[in-house]
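Q: One structure follows; several queries about it will come next.
What follows draws every value from the coordinates through simple rules; no lab data is involved. Bear in mind that the values here come from a model prediction, so they are computed numbers and not experimental data. FYI the Cβ positions are ideal-geometry reconstructions off the backbone, even for glycines, and counts take in every protein chain you see.
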Amino acid sequence: MMTRGRTMCVAAAIALVAASSDRGVRLRADQGSPATAGRHDDSGNALSLHATVMGLPAGSSAVASAKAEALTITLSRWSTDAERAPLIAALSAPPPAPARAAAPPAAAGGRAGGRGRGAAPPPPPSPFARLSAAIKAAPTLGYIWTAGVTGYSIKYAWRSPATEEEERIVLVTDRRLDSHAPDSSPASSSSGDADFTVIEVRIDGRGVGEGKTSLTTRVAIDADAKTLALDGYAAAPALLKVTR
């Protein structure tokens, strides 16, 4: 009888230890996930960069007053072709609208056609408005972290093929990168109605490079690479000093 009782006690102790161990694993996972959400990656394909905001010419952007603010760029994965397509299509030129038939002239002493006929249709949304809507609808792939509490969500992420000597990266955030600055203002007429930021980064073999943004440069489509890009990258002012 005593032996049987000891056996039951030992079995109960083993079950308790196993349950505690399993619970501990779950608790550690639950406690770790909120703190590290968007800040780490275990996929093997993530991008992790450190950047410093560099000074810009006077009057070019509110970011120029950031006093070498440090940024951290973390990316859990790259955009798929299907995810990039709506953003590229949004910026592409829309097809020409069909010709409208001319309204019939009004009869002498009578009313012209029907009420509302011949009225001009509302203007289509601008390319930047279409692109902004597509960016907001895209999944979040990573974050750009600043000294502030919240990060900038990355909605688009493209990189050049591994065969290229210089790595080229294009990222798009759903907010203006200088939106945390109290005196934020449009940097150029090309992006005056845009509430997003396109960032193009070039990194050499040593893991050092620079980044330029749509805050001072027009957004374009690189038809050869099939990606959003900055128009005239070489002549654009550098905003970020980047290192791996």
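Q: Quickly work out the Asp204-to-Lys226 label distance, labels modelled 7 Å from Cα along the C-beta direction, and quote it in nm with one decimal.
A: With each label point 7 Å from Cα toward Cβ, the separation is 3.1 nm.
Q: Calculate the FRET efficiency for Ala162 and Arg218 from the Cβ-Cβ distance with a Förster distance of 35 Å, rounded to the nearest 0.05.
A: 0.80
Q: Please compute the modelled spin-label separation between Ala120 and Ala82, points set 7 Å along Cα→Cβ, answer in nm with one decimal.
A: For Ala82 paired with Ala120, the spin-label model returns 4.1 nm.
Q: Kindly state, to the nearest 0.05, the FRET efficiency for Ala129 paired with Ala235, given R0 = 25 Å and r defined as their beta-carbon distance.
A: Calculated value: 0.40.
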